[in-house]
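Here, each number is a calculation from the coordinates, and none is a lab measurement. Everything numeric here is computed off the predicted structure, so don't read it as measured data. Cβ: placed from backbone, ideal geometry, glycine included. Neighbour counts: every protein chain shown.
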Amino acid sequence: MSEANQPWTQPMPESQFELMRRILDAPSPVGLEGAMTYGVLKPHFESFAPEGWQLHQFKGHAGVVLDSHPGRDDLFKVMIIGHADKIRMQVRSIGDDGKIWINTDSFLPTVLIGHEVKLFSEDPASPGRYRIIRGGTVEALGAIHFSDPGQRDGSKGIKKEQIYLDLQIHGENKKQQVENLGVRPGDTILLDRPIRPGFSPNTFYGAYLDNGLGCFVTAEVARLIAEAGGTRQVRLLFAIASYEEIGRFGSRVLAGELEPDVLIGVDVNHDYVAAPGIGDRRMQPLEMGKGCTLSVGSIASEQLNRIIESTAREHGIPLQRDIVGVDTGTDGMAGVLAAVDCAATSMGFPIRNMHTISETGNTQDVLAAIHALTRSLQALDALPDPHREFLDNHPRLDTASPLAHQGGAKPQAEADDA
């Protein structure tokens, strides 16, 4: 796995972008993640997994885990987690005029208006068989002519109860026309926007980067480790979880079942520099195009972070420090939620417009995460005794050394850059 060309500084290869696109495009809403896990990732894992690696499957959800050393509980276990579930809309009721009233889940109602969607309807006559309806749009107000002045000038918003799906139904028996399709309350609706390369170099955009990107990174780390010959004293668990968007329930099951010693959640993060209207909050300046991110604070293990940061610095991989407070907001919390004793943290990549149809990311940030994680896993495997490393080396602030004023001169590297 040569890094002579530093892949995170290069455009993402077309074949790799296509794999990322297929993972992100898989229709995998909360509770129905099988399209991504079984339709795309399971075959991909099987295409490169060395002999002896095993795929774990589960009864209560469609999560999967690729295990490098099945049954070897004596080894130091490291779990990398992305989550396959996407936020979605659901049919709430059908009106007499043919409007399909919907719940909007974790979307802002105002970002949905006018967008094309896919409705997945379970066949009432054949439970377990799904059909897809395309061509509908999400609406709330109709024409501007029917809006009150506050909505026209933007001073009044849109309530989630106003959102409906328009299938262009007309004529007689409008409600019956919809019901004849087998559309029922609870049916899933997803935004219809595939991933495309962006206008600016190394960018891409579309719906549901959250969190197919974390699954893509997890899968690519697994492939690189497999191609490099695997690990000797670290058992790797490449996990694709479910239910993150409703409380991180799937990842805590995976952690509870497999009890990792180290757990790293991989998920999208925010580009705070580009985010509108938050300048006075003084958020950390995470920025798309400046590398992957690493969580600091909350339950994030300083020992684990030290290994990742040191490894990234050694290989010249750009890494941004993310402040997470009391909760990582990702599956990095799975070990704590499952009451498993593990060192945990979370890695990500800043994106824009999260939970919209036009989420935007940078391929070099994603590549940086892939290679930072890969090299960090190899660094863990090279430790004399990973178990004792984490048991015996918890940071102690009572041993902190005094720090004196350092003056105002810029380090030479910064002066050269300036």
Among LEU224, LEU108, SER346, whose Cα sits farthest toward the positive end of the charge dipole of the chain (+1 at Cβ of Lys/Arg, -1 at Cβ of Asp/Glu, about the Cα centre)? LEU108
Set the Förster radius R0 to 35 Å, insert the Cβ-Cβ distance between HIS56 and HIS170 as r into 1/(1 + (r/R0)^6), and round the FRET efficiency to 0.05. 0.10
What is the gain in length, in nm to one decimal, between GLU14 and GLN162 on full extension, counting 0.36 nm per residue of separation less the C-alpha to C-alpha distance? 49.1 nm
Taking the Cα centre of the chain as origin, work out the dipole magnitude from +1 charges on Lys and Arg Cβ and -1 charges on Asp and Glu Cβ, in debye rounded to 20. 700
Rounded FRET efficiency, nearest 0.05, which uses the C-beta distance separating GLN303 from SER155 and R0 of 51 Å: 0.50
Output the relative contact order of the chain, whole-number percent, from Cα pairs under 8 angstrom with separation of 6+ residues. 21
Neighbour net charge for PHE390 - beta-carbon separation under 15 angstrom, K R +1, D E -1: -3
Simple SL model, points at 7 angstrom along Cα→Cβ for ASP392 and ASP97; separation in nm is 7.4
In the Gaussian network model of the chain, springs joining C-alpha atoms below 10 Å, which of GLY182, GLY142, GLY316 carries the largest mean-square fluctuation? GLY142
For THR110, put the label point 7 Å out on the Cα→Cβ axis and report which residues of the range 279-298 keep their amide N under 16 Å from it. 279
Out of ASP187, ASP67, ASP322, any idea which swings most in a Gaussian network model of the chain, alpha carbons joined below 10 Å? ASP187
Likely footprinting exposure, ARG388, ARG235, ARG131, ARG21, fewest C-beta neighbours within 10 Å first: ARG388, ARG131, ARG21, ARG235
Give me the extension gain from SER310 to SER358: residue separation times 0.36 nm, minus the current Cα-Cα distance, reported in nm with one decimal. 13.9 nm
Where is the GNM fluctuation largest for the chain (alpha-carbon springs, 10 angstrom cutoff): MET333, MET283, MET347? MET283
Which length gain, in nm to one decimal place, applies between ALA125 and PHE48 when the Cα-Cα distance is subtracted from 0.36 nm times their residue separation? 23.8 nm
Ranked list, fewest to most other Cβ atoms within 10 Å of each Cβ, for LEU383, LEU391, LEU236: LEU391, LEU383, LEU236
Environment charge of ARG184, counting only residues whose C-beta is closer than 13 Å and scoring Lys/Arg +1, Asp/Glu -1: -1
Helix-only [θ]222 nm of the chain, DSSP H runs n ≥ 4, -39500 (n - 2.57) each, per residue, nearest 500: -7500 deg cm²/dmol
With each label point set 7 Å from Cα along the Cα-Cβ vector, what nm distance links GLN378 and ALA404? 4.2
Using a 10 Å cut-off around each Cβ, can you sort ASP96, ASP271, ASP105 from fewest to most neighbouring Cβ atoms? ASP96, ASP105, ASP271
Can you classify the chain as rounded, prolate or oblate using the Cα gyration tensor, where a ≥ b ≥ c are the square roots of its eigenvalues, rounded means a/c under 1.5, and otherwise it's prolate if a/b beats b/c and oblate if not? prolate
Points 7 angstrom from Cα along the Cβ direction at ARG282 and ASP385: gap in nanometres? 4.6
Rounded to the nearest 5, what % of the DSSP beta bridges within the chain are antiparallel ones? 55
Which shape class, rounded, prolate or oblate, goes with the range 78-182 when its Cα gyration tensor gives a ≥ b ≥ c as root eigenvalues, a/c under 1.5 marks rounded, and past that a/b bigger than b/c marks prolate? oblate
Below 12 angstrom from the Cβ of PRO109, what's the summed charge of the other residues (Lys, Arg +1; Asp, Glu -1)? -1
